[in-house]
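See below for the structure under consideration.
The values are calculated or read from the model by the stated rules, or taken from the named source; none is laboratory data. Keep in mind that this is a model prediction, so the values were computed, not measured. Every residue, glycine among them, receives a Cβ derived from its backbone with ideal geometry; neighbour counts consider all protein chains shown.
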Amino acid sequence: MEGGVEKLVESGEPARTDGVRPLRVRLLGPLEIRRGGAAVPMPSSRKVRALLAYLALEPGGVPRSQLCELLWDVPNDPRGELRWCLSKIRRLLDDPGRQRVVARADVVRLDLSDCIVDAIEVQRAMKDGSGPLAPGQAEALSGLFGGDLLEGLDMERSPAFGLWLAAQRRRFRSAEVALLERLATEAAGEGALGHLERWLELAPFDRRAHELVLGTLVRCGRIREGEEHLQAAARRFEDEGLDFAAIRRAWDSVRKQEAGRSPPPAAGPELEVAFPGDVPEPRDGLVGRRASVAVMPFQEGMGAAGRGGWADALAHDVITRLAKLRSLFVIAEGTVFALKERQLPPEAAGRTLNVDYVVAGSVRRRGERLSVEVQLDETRTARVVWSERFDHKRNDPFDVIDEIGNRIVASIASEIEANERNRAILKPPSSLDAWEAHHRGLWHMYRFTRADNEAAQRFFAQAVSLDPTFSRAYAGLSFTHWQSAFQGWADREPEIANALEAARRGMLADDRDPAVHWAQGRALWLRGLQDPSVMELSQAVDLSPNFAQGHYSLAFVQAQSGDPLAAIAAADRSRELSPFDPLLFGMLGARAIALVRLGRFQEAAEAAVKAAARPNAHAHIFAIAAFSLALHGASDEARAHAAAARRIMPGYDLARFRNAFRLDRDGEARFAEGAKRLGMA
């Protein structure tokens, strides 16, 4: 880790060699600046202090207009007030020959690279979530927390700053809990109890914390204290309407285990929440596990009470759309709204529900515009997986909710999938459960090589053997057989039969999963059944309008022998929903095929070149680019792409292209003309 915390562990202050007294800024607790160990008198203006803290946590710089909106509602001269505040901050931070307040053009930022800022140290260390920390580093980071972020600094008349501060406080509180969890699990015996006590102060309904407390007390022989803790915790859970049964079972289990009357239990059941129809599914390696996510109601304005506003509408929309994807366990709306009414913050709700991910955000109306900020966090590591800000005109409210909801849902789904893939690839294959084997398969599948496709096939087969009800793993298995047939890596007919059979088994497992209809539609296309293929793919996007790969596959099929304009619209829709999708090369490639059929060769070449630039593009994509460029008249560039196709698949020619695709007569003639110009016909 860079500088800060390790040096603080040794000496209490960062080392300096330039004669300038070191500067230390405390944000975690009441705002404080110390120079050379001495406290710097702070200005009385709350806005100066708020502005300093905001800029410290936004190292990339902030436009002046955004700062004016943040702290001034409608003052006579917001920019003048901003300049006055910045002059006060310069007096606090700048040293002779060292300018830390940097204002260039319309952007303001703080250069604190030579300072110790407690919140930045925590951010830097926790950015990789569960990554390793140096010995003593977790203890040092935990010691930086002197209270809530900017404790005592609330700005009731600055709603935008209030929303930002509430979100940042939740974020750092969650980071502190994650550090305490790490310290408690690493500590031995009674040494863990101090960390556990603080953990429960911050997250009083975290089942994991209660289980560790009870287990530690039993192992230390403090049975009576364990019973007292159990009774007190039970009363608190029952007062909040939460089921305590899971923790009571854990207590009974650890008592028996310590007495030697039973072996250590398998991973325990999830915490059950006493709200109708919403019990999280088993996890921790059990059959049927899916990544779980709680979408907490978004905060509106300064947290206006009541239901039914823009924020509630957006949260409802995101929950509904995510559930339709069928790939995640999504906590029902009734539960998350009930927890909000109990004033449980998002990170605490995530731990109470024992989910893997939490989505939280805010909605603010500014004149004719709607501003939405949303963040996806890993619950246990406090890592920010994804965050984004959306600004839209408030025209038709349904259109605004639809557009923002689409982008949020697509981003959440893709970011969770990528995170789970990366997590699964680090585990030994023999230790994978069905969910992890599925994501290990996805990691290989999206590399689009023969060896990786075979590896993906093995992992998908492992997933369905571990959980025969796992529909999405059957869809992945079907795709690997589809890929073998499409790329010519194996005999076509047996692979088509295998693709169809895997998709059929997926439908038997869950015919409401859009992915199995996607797999079936692609396999039917391989069999040459155009209309049934389109019907299945249409069913996939009807089941889940946010299923980007369903829209892409519709584009793929329609581009070759269906409606080219519909193909272009579907390809564009798939890219809007998933702009960083592993199949982005295919989305662009389908667009290029449709444009060639329409005779729009320049546009086709532009799309195809972008497709070929993707890192996982295969030989057929380079061929589409080569033929499109040749038709456009860009001969040199066309030959370069043709050579790339032949490097991947030696001897590539028009015959291989025709064998892979199912073009109508006009489309085939046009691509044949492109191949002829390159001598590949």
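Here is how the numbers come out for the structure above:
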read-out: When residues of segment 21-36 are limited to those that are aliphatic (A, V, I, L, M) and assigned to a strand (DSSP E or B), the one modelled with the lowest pLDDT; value: LEU23
read-out: Segment 177-193, residues that are more than 22 Å from ARG26 (Cβ to Cβ) and part of a helix (DSSP H, G or I); value: GLU181, ARG182, ALA184, THR185, GLU186, GLY189, GLU190, GLY191, ALA192, LEU193
read-out: Output for segment 498-517, where each listed residue is of a type in the set (Gly, Ala, Ser) and either buried (at least 24 other Cβ atoms within 10 Å of the Cβ) or within 19 Å of PHE486 (Cβ to Cβ) (or both); value: ALA499, ALA502, ALA503, GLY506, ALA515
read-out: Those residues of segment 327-360 which are in a helix (DSSP H, G or I) and of a type in the set (Lys, Arg), in sequence order; value: LYS340, ARG351
read-out: Where a residue in segment 311-329 is within 13 Å of VAL359 (Cβ to Cβ) and its partner, wherever it lies, is β-branched (Val, Ile, Thr) and at pLDDT below 90, with Cβ under 6 Å and at least six apart; value: ALA311/VAL363; LEU314/ILE401; ASP317/ILE401
read-out: Flag for SER533 being buried (at least 24 other Cβ atoms within 10 Å of the Cβ), over 20 Å from MET445 (Cα atoms), not assigned by TED's automatic domain parsing to the domain that holds ARG407 and not aliphatic (A, V, I, L, M); value: yes
read-out: Checking ASP433 against (1) touching a residue at least 40 places away in the same chain (Cβ under 8 Å); (2) surrounded by 23 or more Cβ atoms within 10 Å (Cβ to Cβ); (3) closer than 30 Å to ARG289 by Cα, the condition it does not meet; value: (2)
read-out: Answer from GLY143, GLY60 - the residue that is more than 18 Å from VAL40 (Cβ to Cβ) and without any contact (Cβ under 8 Å) to a residue 12 or more places away in the chain; value: GLY143
read-out: Pair list, Cβ < 8 Å and 6+ apart or interchain, from segment 178-192 residues that are more than 12 Å from SER142 (Cβ to Cβ) to residues that are among the hydroxyl-bearing types (Ser, Thr, Tyr) and in a helix (DSSP H, G or I); value: GLY189/THR216; GLU190/THR216; ALA192/THR185; ALA192/THR216
read-out: Among (1) over 16 Å from ILE416 (Cα atoms); (2) surrounded by fewer than 21 Cβ atoms within 10 Å (Cβ to Cβ); (3) in contact with a Ser or Thr (Cβ under 7 Å, 6 or more places away or on another chain), the one test that ARG351 misses; value: (2)
read-out: Some residue of segment 479-501 being within 21 Å of LEU426 (Cβ to Cβ), in a helix (DSSP H, G or I) and over 25 Å from the mean Cα position of the chain (by Cα); value: no
read-out: Pair list, Cβ under 6 Å, 6 or more apart: segment 82-109 residue without any contact (Cβ under 8 Å) to a residue 60 or more places away in the chain, other residue charged (D, E, K, R) and in a strand (DSSP E or B); value: VAL102/ARG109
read-out: Odd one out for THR480, checked against (1) closer than 20 Å to SER292 by Cα; (2) touching a Phe, Trp or Tyr at 6+ places or on another chain (Cβ under 9 Å); (3) of a type in the set (Val, Ile, Thr); value: (1)
read-out: Residue under evaluation MET680, criteria (1) of a type outside the set (Asp, Glu); (2) surrounded by fewer than 21 Cβ atoms within 10 Å (Cβ to Cβ); (3) in a loop (DSSP other than H, G, I, E, B); (4) in contact (Cβ under 8 Å) with a residue 40 or more places away in the chain, criterion not met; value: (2)
read-out: Checking LEU52 against (1) modelled with pLDDT under 95; (2) surrounded by 12 or more Cβ atoms within 10 Å (Cβ to Cβ), the condition it does not meet; value: (1)
read-out: Unique match (being of a type in the set (Lys, Arg), assigned to a loop (DSSP other than H, G, I, E, B) and either crowded, with 22+ Cβ neighbours inside 10 Å or touching a residue at least 40 places away in the same chain (Cβ under 8 Å) (or both)) among ARG380, ARG364; value: ARG380
read-out: Count of segment 633-668 residues which are buried (at least 21 other Cβ atoms within 10 Å of the Cβ) and either in a helix (DSSP H, G or I) or at pLDDT below 95 (or both); value: 5
read-out: Output for segment 436-476, where each listed residue is outside any loop (DSSP other than H, G, I, E, B), more than 22 Å from HIS620 (Cβ to Cβ), in the same structural domain as ALA611 (by TED's automatic domain parsing) and without any contact (Cβ under 8 Å) to a residue 60 or more places away in the chain; value: ARG458, PHE459, PHE460, ALA461, GLN462, ALA463, VAL464, SER465, ALA473, TYR474
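Every residue, every condition in (1) assigned by TED's automatic domain parsing to the domain that holds ARG573; (2) out of contact with any His (no Cβ under 9 Å at 6 or more places or on another chain); (3) under 18 Å from ALA555 (Cβ atoms), yes or no:
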{"residue": "PHE585", "(1), (2), (3)": "yes, no, yes"}
{"residue": "GLN602", "(1), (2), (3)": "yes, no, no"}
{"residue": "ALA612", "(1), (2), (3)": "yes, no, yes"}
{"residue": "GLY633", "(1), (2), (3)": "yes, yes, no"}
{"residue": "ASP664", "(1), (2), (3)": "yes, yes, yes"}
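One line per residue, one yes/no per condition, for (1) touching a strand residue (DSSP E or B) at 6+ places or on another chain (Cβ under 7 Å); (2) over 30 Å from VAL464 (Cα atoms); (3) modelled with pLDDT of 90 or more:
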{"residue": "ALA233", "(1), (2), (3)": "no, yes, yes"}
{"residue": "GLU258", "(1), (2), (3)": "no, yes, no"}
{"residue": "ARG261", "(1), (2), (3)": "no, yes, no"}
{"residue": "PRO276", "(1), (2), (3)": "no, yes, no"}
{"residue": "GLY288", "(1), (2), (3)": "no, no, no"}
{"residue": "ALA305", "(1), (2), (3)": "no, yes, no"}
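Residue-wise test of (1) assigned to a helix (DSSP H, G or I); (2) in contact (Cβ under 8 Å) with a residue 24 or more places away in the chain; (3) among the charged types (D, E, K, R).
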| position | (1), (2), (3) |
| --- | --- |
| LEU163 | yes, yes, no |
| ALA175 | yes, yes, no |
| PRO204 | no, yes, no |
| ALA209 | yes, yes, no |
| VAL213 | yes, no, no |
| GLU225 | yes, no, yes |
| GLU228 | yes, no, yes |
| GLY241 | no, yes, no |
| ARG248 | yes, no, yes |
